[in-house]
1. About its Cα centre, what dipole magnitude does the chain give when the only charges are +1 on Lys and Arg Cβ and -1 on Asp and Glu Cβ, stated in debye to the nearest 20?
2. Pop out the ³J(HN,Hα) list for segment 54-66 in order, Karplus 6.51 cos²θ - 1.76 cosθ + 1.60 with θ = phi - 60°, rounded to Hz; leave Gly and Pro as x.
3. Could you list the residues of segment 1-29 with an amide nitrogen less than 16 Å from a label point located 7 Å from the Cα of Val53 in the Cα-to-C-beta direction?
4. Local charge sum around Gln52 (other residues, Cβ-Cβ under 14 Å, Lys/Arg +1, Asp/Glu -1)?
5. So what's the chain giving for Rg/Rh, alpha carbon basis, Kirkwood Rh from the mean inverse pair distance?
6. Which Cα, out of Leu33, Leu55, Ala18, lies furthest along the positive dipole direction of the chain (beta carbon charges, K/R +1, D/E -1)?
7. Using the Kirkwood formula over every pair of different C-alpha atoms, what hydrodynamic radius in Å results for segment 10-49?
8. Counting only other residues whose beta carbon sits under 12 Å from that of His37, what net charge do I get with K and R as +1, D and E as -1?
Amino acid sequence: MNRYADELPPFVSNALNADLDSEHPSEDALEWLRLQHDRALADPRPALTSEQVRLNLLARHEARLKRDAKA
């Protein structure tokens, strides 16, 4: 079993990051990287721009404020 199977981008452990940055990454790290690449190619949606991410986060924040004001 791959020791990095539970890692989810964009936040990964220091161990995985160090493994990927090493001169000779382990088979587990390379398998994890291939899986992330395959997942990214399988997603038909275009990547969000930083402005779209900002607007999404702002809308979520405003929705939480509105919900909390009702409580």
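1. 840
2. Listing the rounded values in order: 4, 5, 4, 5, 5, 5, 5, 5, 5, 5, 5, 4, 5 Hz.
3. 8-12
4. +2
5. On the way: Rg = 17.7 Å, Rh = 15.1 Å.
Rounded to two decimals, Rg over Rh is 1.17.
6. So the residue furthest toward the plus end is Leu55.
7. 11.4
8. Net charge in that neighbourhood comes out at -1.
The values are calculated or read from the model by the stated rules, or taken from the named source; none is laboratory data. Remember, it's a predicted structure, so these values are computed and weren't measured experimentally. Every residue, glycine as well, gets a Cβ built from its backbone with ideal geometry; the counts of neighbours run over all protein chains shown. Just the protein is used for accessible areas: all its heavy atoms, side chains included, with ligands, DNA and RNA removed. Shrake-Rupley method; radii C 1.70, N 1.55, O 1.52, S 1.80 Å.
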